[in-house]
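Asks: The following block contains the structure, expressed as structure tokens.
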Amino acid sequence: MSSALIDGFGRKIDYLRLSVTDRCDFRCIYCMAEDMTFLPRQRILTLEEIHRCAELFVANGVRKIRLTGGEPLTRKGIVGLCENISAIPGLNELVMTTNGSQLTKYAQPLADAGVKRLNISLDSLCPEKFKAMTRVGDLQQVLNGIQAARQAGFKRLKINSVIIQGHNDDEILALTDYAIENQLDITFIEEMPLGHVGRSRDTSLFSSDQVRDNIAERYTLLDSTENSGGPARYMRLKDHSATRIGFISPHSNNFCSTCNRVRITVEGKLLLCLGNEDSLDLLALLRRYPLSDEPVLANIHRALNNKPEKHHFSSDGDVQIVRFMNATGG
Ligand code: SAM
Ligand code: SF4
């Protein structure tokens, strides 16, 4: 049973972001509240159900899967899950987004399990600020993790940095220098208003244009037509060809017209759009039809018809989406 996943606006869905946990060993100030309650085990997808989702979507045209969370490396059995998903016929690329805290242990096993690329979050190179932004994280552990990923042979490693005014907007050049020195790509992300994180986001938005102006003080940025199939716009740096600079700008640049992705949260909700609450309860369907994919797929097709044309985040930092990023699968 196979049929391409096309939404109501003719966009073909070939990219699935799968959240494998809502838990995390960090508490980043833009992602979570300090005091979080996590989902009980019976309300989350089992590893087998996650694998079944992956198979179902790959059989219907998905070519790239990103595992995310929460922190994917906190999920027990993650390496075996990667092995199983990367072996699904038809999948071109299994990739992961991680905070890097456990990569010294996991980089090689992930590479061996068929994970092709890693995005690693890094918002600061100053140990105190890093701790303040993650509330608990240890910078050195993450830097060691990045080196472990390089040694494990990962190509095109990418750093993700969320820039927040008054917290790390003075580190844009340092982060860029670090990316260049280590031949990494780096993407700067505007903060999205997902969930009540216990601080006001009113005055903290730092736009991609501001980031670009800051980088231009030291480097010559060159326009690029490169596209990773995602929301990031890329630029190159004159004299530093090994590093691409990406910008994810949900506030200032609407990337919805070419959106090719859907998300499955660890609760089994199929989310059609990051900036929208509409979802399909896949967990219920998977458990109602344990042996037959057909009714599950029929519901997915129906839901896709409702994928919104575009999202809109207002720039005043108001929370319009009550779920947190860790529960969304950022
Ligand atoms: N724990 C992993 C990590 O931090 O890389 C994976 C999950 S995390 C939710 C995925 C990405 O979402 C990270 O790069 C993180 O910086 C980003 N993120 C989290 N909350 C965000 C927010 N409110 N706005 C923009 N990006 C956010
Ligand atoms: Fe954890 Fe990633 Fe959210 Fe930070 S951004 S709290 S590392 S899930």
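Asks: Exactly one condition in (1) among the polar types (S, T, N, Q); (2) crowded, with 22+ Cβ neighbours inside 10 Å; (3) farther than 30 Å from His301 by Cα is false for Thr74; which is it?
Replies: Of (1) among the polar types (S, T, N, Q); (2) crowded, with 22+ Cβ neighbours inside 10 Å; (3) farther than 30 Å from His301 by Cα, only one is false for Thr74: (2).
Asks: Among the candidates Leu175, Leu184, single out the residue that is crowded, with 16+ Cβ neighbours inside 10 Å, touching a Leu at 6+ places or on another chain (Cβ under 7 Å) and within 28 Å of Val79 (Cα to Cα). Before you say what the answer is, go through the steps one by one.
Replies: Numbers: Leu175 fails: within 28 Å of Val79 (Cα to Cα).
Being crowded, with 16+ Cβ neighbours inside 10 Å, touching a Leu at 6+ places or on another chain (Cβ under 7 Å) and within 28 Å of Val79 (Cα to Cα) holds for just one of Leu175, Leu184, which is Leu184.
Residues are listed down the side, and each one gets a yes or a no for (1) within 16 Å of ligand 2 (Cβ to nearest atom); (2) touching a strand residue (DSSP E or B) at 6+ places or on another chain (Cβ under 6 Å):
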residue: Leu16; (1), (2): no, yes
residue: Gln42; (1), (2): no, no
residue: Arg52; (1), (2): no, no
residue: Arg63; (1), (2): no, no
residue: Gly69; (1), (2): yes, yes
residue: Ser86; (1), (2): no, yes
residue: Leu94; (1), (2): no, yes
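Asks: Continuing with this model, one more query. Taking Gly137, is it assigned to a loop (DSSP other than H, G, I, E, B), small (Gly, Ala, Ser) and within 16 Å of ligand 1 (Cβ to nearest atom)? Show your work before the answer.
Replies: Values: assigned to a loop (DSSP other than H, G, I, E, B): yes; small (Gly, Ala, Ser): yes; within 16 Å of ligand 1 (Cβ to nearest atom): yes.
The answer is yes for Gly137.
Asks: Say whether the condition of being within 19 Å of the chain's Cα centre (by Cα), within 15 Å of ligand 1 (Cβ to nearest atom) and crowded, with 16+ Cβ neighbours inside 10 Å is met by at least one residue in the range 46-61.
Replies: no
Asks: Somewhere in the range 19-33, is a residue out of contact with any Lys or Arg (no Cβ under 6 Å at 6 or more places or on another chain) and within 23 Å of Asp112 (Cα to Cα)?
Replies: yes
Asks: Separate question: Of all residues being more than 16 Å from the chain's Cα centre (by Cα) and basic (Lys, Arg) in the range 3-19, which is surrounded by the most Cβ atoms within 10 Å (Cβ to Cβ)? Just the residue, please.
Replies: Residues of the range 3-19 that are more than 16 Å from the chain's Cα centre (by Cα), as a first pass: 3-13.
Next, only the ones that are basic (Lys, Arg) stay: 11-12.
Numbers: Arg11: 18, Lys12: 12.
Among those that are more than 16 Å from the chain's Cα centre (by Cα) and basic (Lys, Arg), it is Arg11.
Asks: Given (1) over 20 Å from the mean Cα position of the chain (by Cα); (2) in contact (Cβ under 8 Å) with a residue 40 or more places away in the chain, where does Lys158 come up short, assuming only one miss?
Replies: The failed condition is (1).
Asks: Separate question: Which of (1) more than 11 Å from ligand 2 (Cβ to nearest atom); (2) in contact (Cβ under 8 Å) with a residue 60 or more places away in the chain; (3) not polar (S, T, N, Q) is the odd one out, the single condition Ile29 does not satisfy?
Replies: The failed condition is (1).
Asks: Something else about it: Where the second residue is in a helix (DSSP H, G or I) and the first is farther than 17 Å from Gly166 by Cβ and lies in the range 203-217, which pairs have Cβ atoms under 6 Å and are six or more apart or on separate chains?
Replies: Qualifying pairs under 6 Å: Ile215/Thr176.
Asks: Considering only residues that are closer than 30 Å to Asp293 by Cα, within 15 Å of ligand 1 (Cβ to nearest atom) and among the basic types (Lys, Arg), which ones fall in the range 19-45?
Replies: Correct list: Arg23 only.
Asks: Is one or more of the residues making up the range 118-132 more than 16 Å from ligand 1 (Cβ to nearest atom), surrounded by fewer than 22 Cβ atoms within 10 Å (Cβ to Cβ), of a type outside the set (Gly, Ala, Ser) and under 16 Å from the mean Cα position of the chain (by Cα)? If you could, list the steps in order and put the result at the bottom.
Replies: Taking the range 118-132 and keeping what is more than 16 Å from ligand 1 (Cβ to nearest atom), we get 126-128.
Of the ones still in play, those that are also surrounded by fewer than 22 Cβ atoms within 10 Å (Cβ to Cβ) are 126-128.
Applying the additional criterion that residues be of a type outside the set (Gly, Ala, Ser) yields 126-128.
Narrowing further to those that are under 16 Å from the mean Cα position of the chain (by Cα): none.
So far as the range 118-132 goes, no, none of its residues is more than 16 Å from ligand 1 (Cβ to nearest atom), surrounded by fewer than 22 Cβ atoms within 10 Å (Cβ to Cβ), of a type outside the set (Gly, Ala, Ser) and under 16 Å from the mean Cα position of the chain (by Cα).
Asks: Which one of Thr46, Thr37 is more than 14 Å from Arg261 (Cβ to Cβ), within 16 Å of ligand 2 (Cβ to nearest atom) and out of contact with any strand residue (DSSP E or B) (no Cβ under 9 Å at 6 or more places or on another chain)? Don't jump to the end; show me each part of the working.
Replies: Working: Thr46 fails: within 16 Å of ligand 2 (Cβ to nearest atom).
Answer to the check: Thr37.
Asks: How about the range 163-189: which of its residues are part of a loop (DSSP other than H, G, I, E, B) and either more than 13 Å from Ser124 (Cβ to Cβ) or in contact (Cβ under 8 Å) with a residue 60 or more places away in the chain (or both)? Steps first, answer last, please.
Replies: If we filter the range 163-189 for residues that are part of a loop (DSSP other than H, G, I, E, B), which is where we start, we get 165-168, 182-184.
Within the range 163-189, Gln165, His167, Asn182, Gln183, Leu184 qualify.
No value in this document is a laboratory result; all are computed from the given coordinates. Predicted model, so just to flag it, every value in this text is computed and none were measured. As a convention, Cβ positions derive from the backbone with ideal geometry for all residues, glycine included, and neighbour counts pool all protein chains shown.
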